[in-house]
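Chemist: Can you keep this structure in mind? I'll have questions shortly.
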Amino acid sequence: MKTIKLLAIACISAITFASCSDDENPTPTNEEEVITTMTITLTPASGSAVTLQTRDLDGDGPNAPVVTVSGNLLANTTYTGAIVLLNETEDPAENVTTEVAEEADEHQFFYSATGISPTFTYAGTNDSNGNPVGINFSVATGAAGTGTITVTLRHEPNKTATGVSGGDITNAGGETDIEATFNVTVTNPAVL
């Protein structure tokens, strides 16, 4: 009988301790953004804009993202770039770009290229510490050729690490919210 009473007291004590918490106000977690679609519009001073888009409506599902490029870029031309991020699992689609802008201190876009030699420059609004976010940027294409452009959005990068504010992702750390690689062709302008 004594063993049963001790066992009952032990069980009640365990339940009491397990149900109590010292943390009366748990820290809210900031869930990562759901991004199904990234659309990048590159607009030259004159001529037609080129759109780069990746769209993955099933997320980690079996279908690969649909990646499209609307046309060729012109050699030795500067384009202004703007990025729009959407969560198309919502109806209507949620514009995640707004959230990234609001949480500018916690986000940064990075741009890189292989096979071609464009120069990327951050533009637009910086975060509260004067570091780039990269929703807006410019790209000078350089010589004609074919290659890829990769655009990466990092969540909570170390923006004070060496090279990060200049666009070097090497020391950025953080987690990748979205990354896409686009096959691009840079052509010489037609001679009239």
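Laboratory data are not the source of any read-out in this text; all were calculated from the coordinates shown. These numbers were taken from a predicted model, which means no experiment stands behind them. Positions of Cβ are backbone-derived with ideal geometry, glycine not excepted, and every protein chain shown enters the neighbour counts.
Chemist: Taking 2.2 N^0.38 Å as the expected size of a compact globular protein, what ratio does the Cα radius of gyration of region 33-187 give against it, to two decimals? If you can, show how the numbers build up before the last one.
Modeler: On the way: Rg = 15.1 Å, N = 155, 2.2 N^0.38 = 15.0 Å.
The reported ratio for this selection is 1.01.
Chemist: Can you put H107, H155 in order, fewest other beta carbons within 10 Å first?
Modeler: H155, H107
Chemist: Still on this structure: Any chance you could run the full-extension gain for T43 through A75? It's 0.36 nm times the residue separation minus the Cα-Cα distance, nm to one decimal.
Modeler: Details: separation 32, 0.36 × 32 = 11.52 nm, distance 1.34 nm.
So the extension gain works out to 10.2 nm.
Chemist: Any idea what diffusion coefficient region 55-134 gets from Stokes-Einstein, in µm²/s, Kirkwood Rh on alpha carbon pairs, 20 °C, 1.002 mPa s?
Modeler: Result for D is 139 µm²/s.
Chemist: Calculate the length of the line joining the C-alpha centroid of region 170-192 to that of region 55-94, in whole Å.
Modeler: 12
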